[in-house]
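Here is the structure we will look at.
The values are calculated or read from the model by the stated rules, or taken from the named source; none is laboratory data. Note that this is a predicted model, so its numbers are computed, not measured. Positions of Cβ are generated from backbone atoms using ideal geometry, with glycine treated the same way; all protein chains shown enter the neighbour counts. For the accessible areas, the whole protein counts, side chains as well, though only heavy atoms, and no ligand, DNA or RNA atoms are used. Shrake-Rupley method; radii C 1.70, N 1.55, O 1.52, S 1.80 Å.
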Amino acid sequence: MPLIANDVLACAAGTAPARLAVTLGDEQLTFGEVGRLSNRYANALLALGARRGERAAWWSDTTLEGVGLYFALSRIGMAFVPLNPASTDDEAAAAIDYVRPQVLIVDPAHAARAEQLVAGRETILITVGGQGVQPGFDLSERALAASSAPPPVPLPDEDAICTIFLTSGSTGQPKGVMVSQRATWLRTHAGAAAYSTTGGAGEVVMFPLFHMAGWNFAMMAWSARHAAHLVRRADAEQLLGAVGRWSPSVIYCIPAVWRRILESDMAVDTSCVEWALTGTSQVTQELLVGIKERFPAARTTVNYGSTETARAVGLRDPDLFTHPGSVGHPIPGVQAKVADDGELLITSDRLMAGYFELPVETAQALQGGWYHTGDLAEQDDEGYLYIVGRKKEVIRTGGETVAPVEVEAALAGYPGIADLAIVGIPDPQWGEVVCAVVVLHEGAEVPSVEGLRTHIGERLAAYKHPRRVVQAAVLPRTAATGQVQRAKLVQQFGS
């Protein structure tokens, strides 16, 4: 039997069909219900002409329908390509032009915009979860008439692409991180988890379902036949509300979201939480102390990884305060090393298969079987790894990636700005914040953050907008090519 993502659902639905699988607010599904929903979607998609080996884009807010769709597409051998629901029309169009999906599946909130996007393209528009007339084919209605038996098609090969996650490269154009069926399965088994998968009552999933980490954490919970408790927004009210309602044993938050929780005065019994996890960006000792105080029964790990690698390095609970600032050691099945130039390299059987139709970028990222992370690292005598900077220029903020040139292009023509550079400034909450370094025309005033964000408007998703503005007399540039030396700006304004 090949190792495929759908095995996670098939095993849980086959052995514990009545057990709670997933929740979202007041909505919930058991493993058996997810299995039947997945089969109905798969059979309905096949009837609409969905083809094995093609790609299906999903542009939607987090929904339970999305869970059924993920497994349906995995089972029939179509690559699932989730788009950020906050994407502007231009950003979504660029993604669709890049991956050329056979089908675009949307929720009602994105249906009207999606109808305009597929005009003139050979992409089938499908709406799911709507009530009443919606553009395109109504998958929910067709699923009601479809069989709940497994679809009559062969299982996909384990090397087939299961998911393509879109992430910004240094040029601002999307890069599709391809994760195979086998790598997806390996990323979710017990050895890949940041916590013990025995016992427990489910996991609160902070990440939205367009994000690799959202699926990864949910799949790890489902692999152990535990529930994944999804939220519509990563705010303190919804996350703590899920803890109070479902008494989960695991919750993972990036530092910025942990701070929202720690600053909240919402009264919730947290004694159920056995694992309070964090990572993705810089984790301070102050934050770890706060997590321990708010979740006194929980152990904590600091985790490092990326869409290309999934979780790869982890710092265990006993080491949190003896090795401050470290991201720990490679987890089982992962090897890591620091190259001569200081870049952290990672290899495992869970790496991405490459970037979709980008052979040059793939060859650069995967050299000799090692993924070049773009992070600069140091390793102490005990083998503990420390991330000390970024080799690449892309900004990592709150778990998302931002290309500086994309933001610079959106700010072109702003009144009073003679020269401009976008850089990532280290931040304890967000990892990095998007900062605009401006050189002004004589007599011009430093623009406000609000002014820059208003100028960008809806051309870029909100997480790409500047959160800080600083003034420089001149931008440092290379003599040969005139490129902005961003590292010098980060050094100048990063304190």
Margin query: Against the conditions (1) open to solvent by less than 70 Å² (accessible area, probe 1.4 Å); (2) closer than 28 Å to I161 by Cβ; (3) of a type outside the set (G, A, S), where does I387 fall short? Just the number, please.
Written below: (2)
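Looking at V490, V405, which is the one that is open to solvent by 30 Å² or more (accessible area, probe 1.4 Å), touching a Cys at 6+ places or on another chain (Cβ under 9 Å) and in a helix (DSSP H, G or I)?
On the way: V405 fails: touching a Cys at 6+ places or on another chain (Cβ under 9 Å).
Only one candidate qualifies: V490.
Please go through region 378-417 and pick out each residue that is over 25 Å from Q483 (Cα atoms) and of a type in the set (A, V, I, L, M, F, W, C).
L385, I387
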Check: In region 51-132, which helices (runs of 4 or more DSSP H) lie fully inside it and hold 1 or more residues that are touching an Asp or Glu at 6+ places or on another chain (Cβ under 7 Å) and farther than 23 Å from I4 by Cα?
Finding: 108-118
Note to self: Among (1) touching a strand residue (DSSP E or B) at 6+ places or on another chain (Cβ under 6 Å); (2) closer than 21 Å to G399 by Cβ, there is one condition L460 misses while meeting the rest; what is its number?
What the structure shows: (1)
Next item on the list: Determine which member of the set V470, V437 is surrounded by 21 or more Cβ atoms within 10 Å (Cβ to Cβ), in a strand (DSSP E or B) and modelled with pLDDT of 95 or more.
Entry: V437
Check: Got a sec? Which of T309, T301 is within 30 Å of D269 (Cβ to Cβ), crowded, with 22+ Cβ neighbours inside 10 Å and modelled with pLDDT of 95 or more?
Finding: T301
Margin query: Anything in region 128-161 that is among the small types (G, A, S), surrounded by 15 or more Cβ atoms within 10 Å (Cβ to Cβ) and without any contact (Cβ under 8 Å) to a residue 24 or more places away in the chain? List them, or say none.
Written below: G130
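Rundown of residues vs (1) within 12 Å of R75 (Cβ to Cβ); (2) at pLDDT 95 or above; (3) in contact with a strand residue (DSSP E or B) (Cβ under 7 Å, 6 or more places away or on another chain); (4) open to solvent by less than 40 Å² (accessible area, probe 1.4 Å), yes/no style:
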{"site": "L3", "(1), (2), (3), (4)": "no, no, no, no"}
{"site": "D7", "(1), (2), (3), (4)": "yes, no, no, yes"}
{"site": "P17", "(1), (2), (3), (4)": "no, yes, yes, no"}
{"site": "L24", "(1), (2), (3), (4)": "no, yes, yes, yes"}
{"site": "Q28", "(1), (2), (3), (4)": "no, yes, yes, no"}
{"site": "E33", "(1), (2), (3), (4)": "no, yes, no, no"}
{"site": "R36", "(1), (2), (3), (4)": "no, yes, no, no"}
{"site": "R40", "(1), (2), (3), (4)": "yes, yes, no, no"}
{"site": "A47", "(1), (2), (3), (4)": "no, yes, no, no"}
Checklist line | Hits in region 96-117 - residues which are closer than 30 Å to L155 by Cβ and surrounded by fewer than 24 Cβ atoms within 10 Å (Cβ to Cβ) | finding: I96, Y98, V99, R100, Q102, D107
Item checked: Residue list for region 78-94, filter: open to solvent by 10 Å² or more (accessible area, probe 1.4 Å) and either among the acidic types (D, E) or in contact (Cβ under 8 Å) with a residue 60 or more places away in the chain (or both) -> N84, P85, A86, S87, T88, D89, D90, E91, A94
Margin query: Quick check on A276: is it at pLDDT below 95, in contact with a Phe, Trp or Tyr (Cβ under 6 Å, 6 or more places away or on another chain) and either surrounded by fewer than 16 Cβ atoms within 10 Å (Cβ to Cβ) or not in a loop (DSSP other than H, G, I, E, B) (or both)?
Written below: no
